[in-house]
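Structure, as structure tokens:
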Amino acid sequence: MMQSLKTTIDQPNLTSPAPSSKPFLVIEEVAKRYPTPTGVYPVLENVNLTVNAGEFVCIIGHSGCGKTTLLNMVAGFSQPTIGNVLLHGNQIREPGPDRMVVFQGYALLPWLTAFENIYLGIDSVYPKKSEAEKRQIVKEHLAMVGLADAGDKKPPQMSGGMRQRVAIARALAIRPEVLILDEPFGALDAITKEELQEELLKIWTDHRCTVLMITHDIDEAMFLADRLVMMTNGPAATIGEVIDIPFPRPRDRARIMEDPEFYNLRNYILDYLYNRFAHDVD
């Protein structure tokens with residue numbers, strides 16, 4: 001077992017996963033550049049990635065390396081300057097209910113209850129569903145994130161962990177094909193963060209929508225992901241390496257962290273981030 005991981009660490013998998021008959025999500029020769037008074041600023045250059053349906057992919061890299069810019073193009077919030085972002089072979093040109101985003105800042109409407117925040121999203125995407133059906137979807141998704149009895153609470157009455165649970169429930173209630181998570185647990189305390197990681201993994205295991213998640217937490221990425229995408233520094237950042245996470249599913253946090261393979265891989269990622277692609281110090 002150690003030998004198999006040694007191969008993975010010494011020679012990380014730099015390619016996409018085994019090809020399927022039809023690519024699900026393809027990021028192809030993507031560049032994103034912004035005009036500035038002093039010239040064009042290249043945020044991303046030559047980014048290529050193929051994501052399979054049902055895959056859990058984490059993206060890691062230093063601040064300013066274009067992680068959010070990349071996922072904004074998948075969400076349809078912005079367009080690449082060069083290249084293509086394709087879902088089922090179709091160019092992503094605008095946001096849509098097939099791709100839902102959960103931000104670190106929750107983005108809940110503070111004057112609405114948890115129930116109403118989730119209901120609003122369902123009603124806007126599925127206006128022809130009956131009132132009873134929409135309410136049932138809300139109840140199911142509140143229960144999914146452990147908030148079956150908290151539907152009447154408004155965001156100011158909730159903890160950070162509860163608010164993020166509502167945000168995740170709201171996104172999943174739309175039944176997207178792609179769930180985009182931008183550091184969703186970054187502002188939470190360590191215990192709440194681990195609880196939500198466990199819940200997210202269970203939800204993903206049960207429903208298997210495709211997940212793209214930005215994180216700065218190496219342990220979080222290794223616990224959750226099938227593959228870890230490691231970015232180079234900006235400007236003109238790109239994907240430096242893509243590593244397969246070798247731990248079998250279902251995953252047990254304690255068992256993984258007792259495995260020497262975990263620390264071998266963790267040290268490899270740390271070396272990548274803080275030696276090979278460390279931020280320059282003036």
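Rule-based calculations on the coordinates, nothing more; no lab input. Note that the structure is a prediction, hence the values are computed from the model and not measured. Positions of Cβ are generated from backbone atoms using ideal geometry, with glycine treated the same way; all protein chains shown enter the neighbour counts.
Data table
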| quantity | calculated |
| --- | --- |
| Theoretical ellipticity at 222 nm over the chain - DSSP helices of four or more residues, -39500 (n - 2.57) apiece, nearest 500 | -11000 deg cm²/dmol |
| Burial ordering of 185, 24, fewest other beta-carbon atoms within 10 Å first | 24, 185 |
| Sorted by Cβ neighbour density within 10 Å, fewest at the top, the residues 209, 65 | 209, 65 |
| Residue 159/residue 136 FRET efficiency (R0 22 Å; Cβ-Cβ; nearest 0.05) | 0.25 |
| Relative contact order computed over the chain (Cα-Cα under 8 Å; 6+ residues apart), in percent | 26 |
| Relative contact order (percent, whole number), segment 123-249, Cα cutoff 8 Å, 6+ residue spacing | 17 |
| DSSP bridge pairs, the chain: antiparallel proportion in percent, nearest 5 | 50 |
| Segment 99-175: relative contact order as a whole-number percent, Cα under 8 Å and 6+ apart | 50 |
| Residue-span extension gain [residue 148 to residue 109] - 0.36 nm each, minus C-alpha spacing | 12.1 nm |
| Sequence-distant lysines (8 or more away, or on other chains) whose Cα lies within less than 19 Å of residue 202 | 139, 193 |
| 31 Å Cα-Cα threshold exceeded, pairs from 129/154; 22/154; 22/67 | 22/154 |
| Residue 217-residue 90 pseudo-label distance in nm [points 7 Å out on the Cα-to-Cβ vector] | 3.5 |
| GNM top mover of 178, 30, 166 - the chain, alpha-carbon springs below 10 Å | 30 |
